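Asks: Mind looking over this structure? Questions follow.
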């Protein structure tokens, strides 16, 4: 089966975007089409420091990325407080969205993003790699097999973003 190439634009030069930009360039189904920053000089330096393909278009604003008709999807690694503005603008420009976590500052902001995505017929995904990694399914299969693992009674999980949050699940 043949898949069309997804042409990505990145909004901003955040440190966290380094790994994802490398993954995009390594994917046979994606290309790093553009990078936008608050200044063209910063975009140029970031692209150089991270060995972006020479075909990557560099912009001195986020709006220029969203206005590029050749971009299919936008990765938004900006601070969470900026997600609602740029996610809604991207959705309104018919760009699919990959938002860094946490996606929004509140449920209300998240709802606004979801409404914009649905109204414009674009896809949205958060950038939580762990839950989308193939080994997560393998762990779930193993832990759910009482012959191999035993009877699972509870799971505790901790993650750190800016504050420590713990979740418990009783089965």
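Asks: In the stretch 1-39, which residue that is in a helix (DSSP H, G or I) and in contact (Cβ under 8 Å) with a residue 60 or more places away in the chain is surrounded by the most Cβ atoms within 10 Å (Cβ to Cβ)?
Replies: 17
Asks: For the stretch 59-84, give me each residue that is closer than 14 Å to residue 7 by Cα and either surrounded by fewer than 16 Cβ atoms within 10 Å (Cβ to Cβ) or more than 18 Å from the chain's Cα centre (by Cα) (or both).
Replies: If the condition is that a residue be closer than 14 Å to residue 7 by Cα and either surrounded by fewer than 16 Cβ atoms within 10 Å (Cβ to Cβ) or more than 18 Å from the chain's Cα centre (by Cα) (or both), then 67, 68, 69, 70 are the ones that fit.
Asks: Give me the pairs, please: first residue somewhere in the stretch 106-119 and over 13 Å from residue 89 (Cβ atoms), second residue anywhere and assigned to a helix (DSSP H, G or I), beta-carbon distance under 7 Å, and either six or more positions apart or on two chains.
Replies: Cβ pairs passing all conditions: 109/84.
Asks: Further, regarding this structure: If you check 70, 51, which single one turns out to be assigned by TED's automatic domain parsing to the domain that holds residue 104, touching a residue at least 60 places away in the same chain (Cβ under 8 Å) and over 20 Å from residue 113 (Cβ atoms)? Outline the logic, then answer.
Replies: Details: 51 fails: touching a residue at least 60 places away in the same chain (Cβ under 8 Å).
None of the others qualify; the one that does is 70.
Asks: On to the next question. Considering every residue within the stretch 91-100, establish whether at least one is surrounded by fewer than 17 Cβ atoms within 10 Å (Cβ to Cβ) and in contact with a helix residue (DSSP H, G or I) (Cβ under 9 Å, 6 or more places away or on another chain).
Replies: For the stretch 91-100, residues surrounded by fewer than 17 Cβ atoms within 10 Å (Cβ to Cβ) and in contact with a helix residue (DSSP H, G or I) (Cβ under 9 Å, 6 or more places away or on another chain): present.
The values are calculated or read from the model by the stated rules, or taken from the named source; none is laboratory data. These numbers were taken from a predicted model, which means no experiment stands behind them. Neighbour counts are summed over all protein chains in view; Cβ atoms, including those assigned to glycine, are modelled from backbone coordinates with ideal geometry.
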